[in-house]
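To keep things clear, I will list the structure first and then write my remarks on it.
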Amino acid sequence: LYLPDGNPKGIKKCKINESIGRAIFIPRNELDKAKKFEELQQQGVYFLIKKEDEEKFKFYIGEAESLIQRVLQHDNPDKEWNYVICFYSATNNINKAHVKFLESICYKKINELGRQDLVNGNCPPQPKITEEEENLLLSFFEEMRILIGVLGYPIFEEIKKAQTEEEIFYCRRKSIEAKGNLTEEGFVIYK
């Protein structure tokens, strides 16, 4: 984790040791500073994040041939978002089909887990790629999953339910019954 301005609430650059996946977290009010980052001229996947309250966020997933140019197109009064996280390759070895594949995988995984609201209207199509490319991109997605969680948005993590009956808490009142358990993220109430 690298803080270009030394501000923990500002721009953050992230990587996992020697892996190729990279992420840059940018608050909307610091987009002008981000324009100077050469790596944002690359292709990649981005997440626009709208903070609803302390626990609830809305996400928009997109792909771009130039991350910074595409994010700047979203910087208008009609679009409501607070932060963007851009993912790109340190070796610049992903192409348009690759970022479309990653965008599609991200969309499907978020919908499958049902943890957060997506603003996207529909699921992006998954392009045809080779088996070798798919393995590379699934590895890249795994790095994205870790990095976005480290940045405070564990949208690709399943909520862990209690393993034993002793870990479950119950609340009963009249005809209402609720149960849940304590997790790393706080108390989770089951559906």
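Observations on the structure shown:
- Yes/no for N122 being at pLDDT below 90 and in a helix (DSSP H, G or I): no
- Matching option when the condition is closer than 20 Å to F156 by Cβ and either of a type in the set (D, E, K, R) or more than 15 Å from the chain's Cα centre (by Cα) (or both), among I61, I68, I16: I16
- Of the numbered criteria (1) in contact with a strand residue (DSSP E or B) (Cβ under 9 Å, 6 or more places away or on another chain); (2) more than 16 Å from G152 (Cα to Cα), the one N92 fails is (1).
- Residue match in the range 175-189 (condition: assigned to a helix (DSSP H, G or I) and either more than 29 Å from G62 (Cα to Cα) or out of contact with any Asp or Glu (no Cβ under 6 Å at 6 or more places or on another chain) (or both)): no
- Search result, residues across the range 105-140 that are among the aliphatic types (A, V, I, L, M) and open to solvent by 80 Å² or more (accessible area, probe 1.4 Å): V119
- Flag for L102 being of a type in the set (A, V, I, L, M, F, W, C), surrounded by 15 or more Cβ atoms within 10 Å (Cβ to Cβ), modelled with pLDDT of 90 or more and part of a helix (DSSP H, G or I): yes
- G149 meets all of the listed conditions (1) at pLDDT below 95; (2) over 11 Å from the mean Cα position of the chain (by Cα) but one, namely (2).
- Condition met for D32 (in a loop (DSSP other than H, G, I, E, B) and of a type outside the set (V, I, T)): no
- Remark: E132 falls outside the filter, which requires a residue to be in a loop (DSSP other than H, G, I, E, B) and acidic (D, E).
- Pairs with Cβ under 8 Å, 6+ apart, first in the range 18-43 and without any contact (Cβ under 8 Å) to a residue 40 or more places away in the chain and among the acidic types (D, E), second assigned to a loop (DSSP other than H, G, I, E, B) and open to solvent by less than 40 Å² (accessible area, probe 1.4 Å): E30/G10; E30/I11
- Neighbours by Cβ (under 8 Å, 6+ apart or cross-chain): first from the range 1-12, open to solvent by 60 Å² or more (accessible area, probe 1.4 Å); second among the aliphatic types (A, V, I, L, M): L1/V150; D5/I11
- Near pairs, Cβ below 8 angstrom, 6+ apart or cross-chain, from the range 46-60 (part of a strand (DSSP E or B)) to any residue that is among the acidic types (D, E): Y46/E63; K50/E80; F57/D117; K58/E52; K58/D117; F59/D117
The values are calculated or read from the model by the stated rules, or taken from the named source; none is laboratory data. Computed from a predicted model, the values in this text were never measured in an experiment. Glycine also receives a Cβ, built like all others from the backbone with ideal geometry; neighbour counts cover every protein chain displayed. These area figures cover heavy atoms from the full protein model, side chains too; ligands, DNA and RNA do not enter into them. Shrake-Rupley method; radii C 1.70, N 1.55, O 1.52, S 1.80 Å.
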